[in-house]
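Visitor: Take a look at this one; I'll ask things after.
The values are calculated or read from the model by the stated rules, or taken from the named source; none is laboratory data. As the structure is a prediction and not an experimental result, all values here were calculated from the model. Virtual Cβ from ideal backbone geometry, glycine too; neighbours counted across all protein chains shown. Only protein heavy atoms, including side chains, enter the accessible area calculation; ligands, DNA and RNA are left aside. Shrake-Rupley method; radii C 1.70, N 1.55, O 1.52, S 1.80 Å.
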Amino acid sequence: ILKTTEFISANDLASLMDVSVNDVIGKCMNLGIFASINQRLDAETITIIADEFGYDVKFTEADDETEVVEEKDRPEDLTDRAPIVTIMGHVDHGKTSLLDFIRESKVTAGEAGGITQHIGAYDVMTDSGKKVAFLDTPGHEAFTAMRARGAKITDVAIIVVAADDAVMPQTKEAINHAQVAGVPMVIAINKVDKPNANPNKIKEELANINILVEDWGGKYQCQEVSAKTGAGIEDLLEKVLLEAEVLELKANPAKSAVGTVVEAELDKGRGYVTTIMVQAGTLRVGDVVLAGAHYGKVKAMFDHKGKKVDEAGPSTPVLMLGLDGAPQAGDRFNVMESDREARDIANKREQIQREQSMRTKKHITLDEIGRRL
Ligand code: GTP
Ligand code: MG
């Protein structure tokens, strides 16, 4: 029996079986795979080739080479952190307007520095002096993508429903997403300033899908708001904070930073610009960051107001410069000890991604291989 992970190279497979790499490459060729010495082989190929040499393969769990072992937290190192909140809901129900109102009323004007641009995440201070970090995701697709990739980034979800409309398919979907992810929700019934607003109708429709709001005797906190006049928004934030308090959110600010990529893009002047949410530890300018299949030294960081910052602690969104490419939304990032370590893992991940996308483009089934033999 041969124990290995998926995607080892032809050379590694040869040495595991104690045969010459040329023999392995030869067998690959018989399968119609023109492998170089360092080519990584997929599970099917490894299984077939190992079988040729009389081995049964047992694949071990993770590909250790591309995993980063994160520091364990000791309880005494943990301190309170701000909640990370995502706003979800049906098209045009006012997600962006709500976020804009919160941002504009909470972010003091005139502080913009080096860069002014929309970033997909920001943090605000509520009237009660508590910080909340918001994720401004375009619809909930991003949330879905992140969840699909195993990223747990949202602590509380705000589900926006327009009071002049109805509980719509995407409202239900958003509620479903939050429930599946085990994220507590606060319902925001928006547009109550409109003459045809009917919050009670919304509450009834919510009840019909088993979402019973508090003033109807249920467990879900609900707040009537207007993103136009600002009515109810402070109360909404307090309800979100209440929900977050129950979670007793904590993180260790002293360790190397870890977190999630929110978005990334190539900017002509500044290179790759990556918005990240620091979830634990503290990120500093000069740190070596590994994010998905990319890495680099943090050249500069900016908060959501465009102000340069030197460090970012838990639950802080920042825009960073310095990566050698654009990681995907939902990718985890880690701070690494050395440039070299980061580069090695980034390269391996990139190679795996490349091979995986090639395989999905032109998937060779065992059956086809059988026919070719
Ligand atoms: P998508 O991003 O397309 O899914 O929409 P959204 O949910 O972000 O809605 P958006 O904030 O773009 O608002 C849609 C429309 O509703 C805009 O024309 C807003 O001006 C309007 N709107 C949003 N909130 C309110 C509100 O509280 N009152 C009134 N009267 N209009 C609002
Ligand atoms: Mg929007």
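Visitor: Could you tell me which of rounded, prolate or oblate describes the stretch 237-285, using a ≥ b ≥ c as the square roots of the eigenvalues of the alpha-carbon gyration tensor, with rounded for a/c under 1.5 and, failing that, prolate when a/b is larger than b/c and oblate otherwise?
Guide: Numbers: a/c = 4.01, a/b = 1.77, b/c = 2.26.
Because a/c hits 1.5 or more and a/b fails to exceed b/c, the stretch 237-285 counts as oblate.
Visitor: In terms of modelled amide H atoms, which long-range or inter-chain residues lie less than 5 Å from the amide H of residue 158?
Guide: When sequence neighbours closer than 5 places are left aside, the close amide H contacts are 86, 87, 88, 186.
Visitor: Could you list the GluC sites (Glu not before Pro) in the stretch 285-350 that lie in coil according to DSSP, counting only those with at most 16 other Cβ atoms within 10 Å of their Cβ? If you can, show how the numbers build up before the last one.
Guide: Details: sites: 311, 337, 341, 350; in loops: 337.
Here the sparse-neighbourhood loop sites are 337.
Visitor: Ranking request for peptides 152-162, 10-20, 87-97: highest mean number of other beta-carbon atoms within 10 Å first, then the rest in descending order. Walk me through the intermediate numbers first.
Guide: On the way: 152-162: 24.5, 10-20: 17.4, 87-97: 21.3.
Sorting 152-162, 10-20, 87-97 by mean packing, highest first, produces 152-162, 87-97, 10-20.
Visitor: Multiplying the sequence separation of residue 11 and residue 324 by 0.36 nm and subtracting their Cα-Cα distance, what value in nm do you get?
Guide: Values: separation 313, 0.36 × 313 = 112.68 nm, distance 2.84 nm.
Going from the current span to full extension adds 109.8 nm.
Visitor: What's the local net charge at residue 203, with K and R +1, D and E -1, over the other residues with C-beta under 13 Å away? Spell out each step's value before the answer.
Guide: Working: positive: 201; negative: 204, 205, 214, 215, 224.
With Lys, Arg at +1 and Asp, Glu at -1, the net is -4.
Visitor: Select from the stretch 1-99 those chymotrypsin sites (Phe, Trp or Tyr not before Pro) which occupy a DSSP coil region and have at most 14 other Cβ atoms within 10 Å, ordered by residue number. The partial results should precede the final answer.
Guide: Numbers: sites: 7, 34, 53, 55, 59; in loops: 7, 34, 53, 55.
Sparse-neighbourhood loop chymotrypsin sites (Phe, Trp or Tyr not before Pro): 34.
Visitor: Would you work out if the stretch 303-348 is rounded, prolate or oblate? Take a ≥ b ≥ c from the square roots of the eigenvalues of the alpha-carbon gyration tensor; rounded if a/c is under 1.5, else prolate when a/b is larger than b/c, oblate otherwise.
Guide: Values: a/c = 2.10, a/b = 1.81, b/c = 1.16.
Prolate.
Visitor: Also: Mind giving me the nanometre distance, one decimal, between the label points for residue 77 and residue 299, set 7 Å out from Cα along Cα→Cβ?
Guide: 3.1
Visitor: Taking the Cα centre as origin and putting +1 on Lys and Arg beta-carbons and -1 on Asp and Glu beta-carbons, what dipole magnitude results for the chain, to the nearest 20 debye? Each step should come with its number before you reach the end.
Guide: On the way: 44 positive and 61 negative charges, 149 e Å.
Taking the Cα centre of the chain as origin, the dipole is about 720 debye.
Visitor: Something else about it: How do the peptides 330-336, 168-174, 266-272 rank, highest first, by the average count of neighbouring beta carbon atoms within 10 Å per residue? Write out the running numbers ahead of the final one.
Guide: Numbers: 330-336: 21.9, 168-174: 18.3, 266-272: 11.4.
Packing order, densest peptide first, comes out as 330-336, 168-174, 266-272.
Visitor: Determine the share of the chain's accessible area contributed by carbon and sulfur atoms, expressed in whole percent, with a 1.4 angstrom probe. List each step's numbers first, then the result.
Guide: Numbers: 8780 of 18220 Å².
Ligands and nucleic acids excluded, carbon and sulfur give 48 percent.
Visitor: Additional query: How high is the relative contact order of the chain, given as a whole-number percent (alpha carbon pairs under 8 Å, six or more residues apart)? It would help to have the intermediate numbers written out before the result.
Guide: Values: 749 pairs, mean separation 60.5, N = 373.
With pairs under 8 Å counted, the relative contact order is 16 percent.
Visitor: A follow-up question, please. Divide by every residue of the chain the summed helix terms, -39500 (n - 2.57) for each DSSP H run of at least 4, and state the resulting mean residue ellipticity at 222 nm, rounded to the nearest 500 deg cm²/dmol.
Guide: Values: 10 runs with 116 residues, N = 373.
Result for the chain, helices only: -9500 deg cm²/dmol.
Visitor: Checking the table 152/255; 152/268; 95/201; 191/308 against a 24 Å threshold on Cα-Cα, which pairs fail? Please list the in-between numbers first.
Guide: On the way: 152/255 19 Å; 152/268 31 Å; 95/201 20 Å; 191/308 36 Å.
152/268; 191/308, as the Cα separations exceed 24 Å there.
Visitor: Taking the Cβ of residue 270 as the center, what net charge do the other residues with Cβ under 14 Å away carry, scoring Lys and Arg +1 and Asp and Glu -1?
Guide: 0
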